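S.K.: Please read through the structure below; I'll follow up with questions.
The values are calculated or read from the model by the stated rules, or taken from the named source; none is laboratory data. This is a predicted model, so every value here is computed, not measured. So basically every Cβ, Gly included, is an ideal-geometry build from the backbone, and we count neighbours across all protein chains shown.
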Amino acid sequence: MNKLVTSVFFTLAILIFSPLLRADPQTILAEMQTMRLAATNAVTSFYMFSGLDADSKYAQRIDTNFERFEASLEQVGLQAQAIGLVDEVATIEHDWAEFKQLTNNNRADMLNVGYPNERLVDDMGRKSLALVNLISSSYAKLASTSGMAPPAIVQQARNMALLMEEITSQYAARGTSVSGFMFVGAHKRSLVDMADKFQQDYLTLRKLTKNKSSLVILDSIGSKWKFMERSIRNHNENSVPFLVVSYNDRIVGHLQELDDSYHK
């Protein structure tokens, strides 16, 4: 009997004190997705801020993205040891601090000088890309090592949300640049290439979707994408960054809605 009691207490101690067992990989993966979207949207918001003569609306959007990123980073950091990503999270924290400082410096230049330093804007854009790539590699590692990868439909929705943010960021960089500064050369794909990919991914997502409520969401995404796609593919003619940013928000919101409905 004493051996049984000892065994039970030992098992309970493991369940209570083991960080590995307390960690929730699915929640951490969702937080990492929030970080990727926030980092990318912060850059887009800066392009709009600078292109619209320091519009306070986009300054607020930058700050909102900062808050979203840091709230999610805090949650990931709390579980860094449990999920085996201590070094990765430390690097993310370091790169995030550098990216945030670059963004704030560029905002200050807009307010104090009237235009940003082109080199620093380029550094900001490249740092954002590197940060998102680092988070993505950490995301893939956790999904693999935990054995708890998101359902295919959730992963597809997340991939599309990030792709949509990347499309919008590159479009905004092109559409708001008055002096030629853009880090678009750091992108491995053109806007047309990314538009093709988004269309393909959308069709794949439709094949994965079965229930009616999700199909309604997809129909809404499809109608907005059809309208937005024309501007993306013809980005050198009649640039409309405000419209593209607006439709980006709606499409990413719908994809998040779809994500939430399946992984919760």
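S.K.: Give the residue, chosen from Thr204, Thr209, that is over 30 Å from Lys127 (Cβ atoms), surrounded by fewer than 16 Cβ atoms within 10 Å (Cβ to Cβ) and either among the β-branched types (Val, Ile, Thr) or outside the structural domain of Glu166 (by TED's automatic domain parsing) (or both).
M.R.: Only one candidate passes the filter, namely Thr204.
S.K.: Going through Ala130, Ala42, Ala97, Ala54 one at a time, which residue ends up being in a helix (DSSP H, G or I) and over 25 Å from Asn159 (Cβ atoms)? It would help to see each step written out before you state the result.
M.R.: On the way: Ala130 fails: over 25 Å from Asn159 (Cβ atoms); Ala42 fails: over 25 Å from Asn159 (Cβ atoms); Ala54 fails: in a helix (DSSP H, G or I).
Ala97 is the lone residue from the list that is in a helix (DSSP H, G or I) and over 25 Å from Asn159 (Cβ atoms).
S.K.: Given the residues Lys224, Lys197, Lys212, which is the only one that is at negative phi and either modelled with pLDDT under 95 or of a type in the set (A, V, I, L, M, F, W, C) (or both)?
M.R.: Lys212
S.K.: Take segment 228-256 and flag every residue that is at negative phi, of a type outside the set (Asp, Glu) and exposed (fewer than 12 other Cβ atoms within 10 Å of the Cβ).
M.R.: Within segment 228-256, just Asn236 meets the criteria.
S.K.: Listed residues Phe49, Phe66; which is more than 20 Å from Asn112 (Cα to Cα) and either in a helix (DSSP H, G or I) or of a type in the set (Lys, Arg) (or both)?
M.R.: Phe66
S.K.: Test each condition in (1) surrounded by 20 or more Cβ atoms within 10 Å (Cβ to Cβ); (2) over 22 Å from Gln79 (Cα atoms) for Val132 and report the one that comes out false.
M.R.: With respect to (1) surrounded by 20 or more Cβ atoms within 10 Å (Cβ to Cβ); (2) over 22 Å from Gln79 (Cα atoms), Val132 is out only on (2).
S.K.: In this structure, does Ser190 turn out to be at pLDDT below 95 and either within 17 Å of the chain's Cα centre (by Cα) or hydroxyl-bearing (Ser, Thr, Tyr) (or both)?
M.R.: In short, yes.
S.K.: Same structure, new question: So which of Ala143, Ala82 ends up being over 28 Å from Tyr202 (Cα atoms) and either modelled with pLDDT of 95 or more or of a type in the set (Gly, Ala, Ser) (or both)?
M.R.: When all the criteria are applied, what remains is Ala82.
S.K.: Go through segment 152-257 and tell me which helices (runs of 4 or more DSSP H), entirely inside it, have 2 or more residues that are touching a Pro at 6+ places or on another chain (Cβ under 6 Å). Break it down into steps so the answer makes sense when it comes.
M.R.: Values: elements: 152-176, 191-208, 212-233.
Because the criterion is at least 2 residues that are touching a Pro at 6+ places or on another chain (Cβ under 6 Å), the helices (runs of 4 or more DSSP H) in segment 152-257 that meet it are 152-176.
S.K.: In the list Val121, Val76, which residue meets the criterion of being crowded, with 21+ Cβ neighbours inside 10 Å, out of contact with any Ser or Thr (no Cβ under 6 Å at 6 or more places or on another chain), among the aliphatic types (A, V, I, L, M) and modelled with pLDDT under 95?
M.R.: The conditions single out Val121.
Listed here are the residues, each with its yes/no results for (1) aliphatic (A, V, I, L, M); (2) on the phi < 0 side of the Ramachandran plot; (3) at pLDDT below 90.
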| residue | (1), (2), (3) |
| --- | --- |
| Ser7 | no, yes, yes |
| Phe17 | no, yes, yes |
| Gln60 | no, yes, no |
| Thr91 | no, yes, no |
| Ala97 | yes, yes, no |
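S.K.: Still on this model: Starting from segment 59-88, take each residue that is in contact (Cβ under 8 Å) with a residue 40 or more places away in the chain and over 19 Å from Asp24 (Cα atoms) and list its partners that are part of a helix (DSSP H, G or I) and charged (D, E, K, R), counting only C-beta distances under 9 angstrom and pairs at least six apart or across chains.
M.R.: If the second residue must be part of a helix (DSSP H, G or I) and charged (D, E, K, R), the pairs left are Ala59/Arg107; Ile62/Arg107.
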